[in-house]
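Each reported figure results from applying straightforward, stated rules to the coordinates on display, with no laboratory input. Quantities reported herein were computed from a predicted structural model and do not represent experimental measurements. As a convention, Cβ positions derive from the backbone with ideal geometry for all residues, glycine included, and neighbour counts pool all protein chains shown.
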There are 2 protein chains.
Amino acid sequence: MTCVSRSLSYNYVMLITKASGEKVEFDRKIYEASLQRVGLTVEEARQIGNEIYQDLHSEISTEKILEKTQKVLKRKNQSIAIKYGLKKAIMRLGPAGYYFEKYMSAVLSAYGYKTKYNQFIYGRCVQHEVDIIAERDREKFMIECKYHTNPGRKSDLKVALYTYARFLDLKDKHNFKEPVLMTNTLCTTEAIRYAKCMGMKIIGWHYPARGESLEHYIESKKLYPVSILGSVNNQINKKFRDGNLFLALDLLKYTPKRLAKKFHLKEHQAVRLIKEAQILQS
Amino acid sequence: MTCVSRSLSYNYVMLITKASGEKVEFDRKIYEASLQRVGLTVEEARQIGNEIYQDLHSEISTEKILEKTQKVLKRKNQSIAIKYGLKKAIMRLGPAGYYFEKYMSAVLSAYGYKTKYNQFIYGRCVQHEVDIIAERDREKFMIECKYHTNPGRKSDLKVALYTYARFLDLKDKHNFKEPVLMTNTLCTTEAIRYAKCMGMKIIGWHYPARGESLEHYIESKKLYPVSILGSVNNQINKKFRDGNLFLALDLLKYTPKRLAKKFHLKEHQAVRLIKEAQILQS
């Protein structure tokens, strides 16, 4: 290969900067798949892929690509534009991991699990704080939640190890079938390998691939967090959190008047929030 | 009990502020025991106890008490005054836990263990980074080091759990007899209870009580870190760290000239350092 052709082929690689700071090649396939997941057809996803790709520049952040994509989507379909902000909306649940646990409990309840969160229970050796206990069809699961407010942080091997050791100490006394690690970010390769080897389930961002990832659980029943709605500013977000309302879906149970009263909102805010929740469910 | 006597008895309680921020009663017994441990007689410890106690004021920090004590000790016995700074000297090994591992390896070597630090080895499921592997009399130990630069941080249950899970994954392949958790601070009650229940050894600050705590291992063979010496400023500390010299004891292997040359010190610095190391061993 000559110097000229090497430099030419180099120009065809578009490097982007992930939240972790890692620089990777922009993968059109993964990008377009994420658009299909929120409801675009293959053709629509390809069109937006083209549009965005022409607008990229070297080492652009994934955060910036998300923003650009949401802008383009907003012009085409408001519901899909909102859904595309899921990862960021989950980050807005924080800062305390406690809210992620409550949100995940609400998600699991929608799948028919009976859940309890933040339970202090005794194992063979010591007392543990278990984030969620989920029960369905007489099977009981010990769920450890690992919540990161920094999208670049991965749940690592240590998290997988202590989750498993906790399960070992608890399982006989409480008849747990399986340990589950739920996280809003990625997991390291070692954490995934260990979990597979030990028969521990991981439900994380983009993991596992086929229909069991965190976003799949949320998206397939439209269990979006309320923080995904455009009108939910920090103040309103806090009001919902304090009032234990975590699912956007739950806004539809209220009339604007009742919503405004219960969460101390202005009525025009309540009207807009309910309207956005309706768009999201459409 | 009348109000008067209640208020009187209240005046006899001297609250001090621990590094963790916790406020506890000043315990003369524990305080005097720490003085005996570095070499004072019961009577001498009691005398200094009296002197310091009169000088205390409400909610004084343990840091401040340490300073006051070192001042008093310096007047009486320089060697003992230096030794009294052990906990702080270990904190100065940092910031990376890596240096604590190297120092602990040096300490274990002095007890006849063959040690390797920072080893990447495969278990049944995954590869692990093991801080220290220590071997003696055909028995092999997996040692996890937990180093805190904040003296108030305790090693908690999660640390004990992942250490044990790591041991489980490694033990058969590498014939480890026991997992050991070594830490430069305290452990939480739950971490200690779990370790006892699982047959895992913890060696930490002030734990276990009888002759097997971290400070005991160090003090009974005078294996003080070089950072304990008064002349070791941050710059010199870094030079020794970079040159893998961790024990004050090891300074005695050098002539001032050779020490100065090897670590790029001025000769008068080298002379003073060696002198301080001699005082410490006396």
Practice task
Using a 10 Å cut-off on Cβ to Cβ distances, tally the other chain neighbours for every residue of B:124-131 and report the average as a whole number.
Solution key: 5
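Can you bin the range B:224-281 into rounded, prolate or oblate? Criterion: square roots of the alpha carbon gyration tensor eigenvalues sorted a ≥ b ≥ c, rounded for a/c under 1.5, prolate for a/b above b/c, oblate for the rest. Kindly include the intermediate steps, with their values, before the conclusion.
On the way: a/c = 1.33, a/b = 1.05, b/c = 1.26.
It is rounded, given that a/c, with a ≥ b ≥ c, falls under 1.5.
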Handout entry: Square roots of 5 times each gyration tensor eigenvalue, C-alpha, the protein assembly as shown, largest first, Å
Key = 53, 32, 25
Completion exercise
Stokes-Einstein, Kirkwood over Cα pairs, chain B, 25 °C, 0.890 mPa s; D in µm²/s equals 119
Practice task
Report, in whole Å, the centroid distance computed from the Cα atoms of the range B:222-282 and the range A:111-130.
Solution key: 52
Practice task
Exposed loop GluC sites (Glu not before Pro) only (DSSP loop, at most 10 other Cβ atoms within 10 Å): please give the longest stretch of chain A free of them, not including the sites.
Solution key: A:60-282
Handout entry: Cα gyration tensor shape of the range B:96-198, rounded if a/c is under 1.5, else prolate or oblate by comparing a/b with b/c
Key = oblate
Handout entry: Calculated FRET efficiency for the pair A:L252/A:H57, C-beta based, R₀ 35 Å, to 0.05
Key = 0.30
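Could you work out the local net charge near B:L249, counting Lys and Arg as +1, Asp and Glu as -1, over the other residues with Cβ closer than 11 Å to its Cβ?
On the way: positive: B:K221, B:K222, B:K253; negative: B:D250.
Spelling it out: positives minus negatives among the neighbours equals +2.
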Practice task
Every other copy gets compared here: list the nm distances from the B:T189 label point (7 Å along Cα to Cβ) to its counterparts, shortest first, one decimal.
Solution key: 4.4
Fill in the blank from the handout: Per the helix-only model, the protein assembly as shown has a calculated mean residue ellipticity at 222 nm (DSSP H runs of ≥4, -39500 (n - 2.57) each, divided over all residues, rounded to the nearest 500) of -15000 deg cm²/dmol
Problem - Pseudo-label separations to other copies for B:E212 - Cα-to-Cβ vector, 7 Å, nm - result: 4.2
Completion exercise
With 0.36 nm assigned to each residue of separation and the Cα-Cα distance removed, A:K177 to A:N244 gains 21.3 nm
Exercise for the section: Any chance you could run the full-extension gain for B:K29 through B:R193? It's 0.36 nm times the residue separation minus the Cα-Cα distance, nm to one decimal. Expected result: 56.6 nm
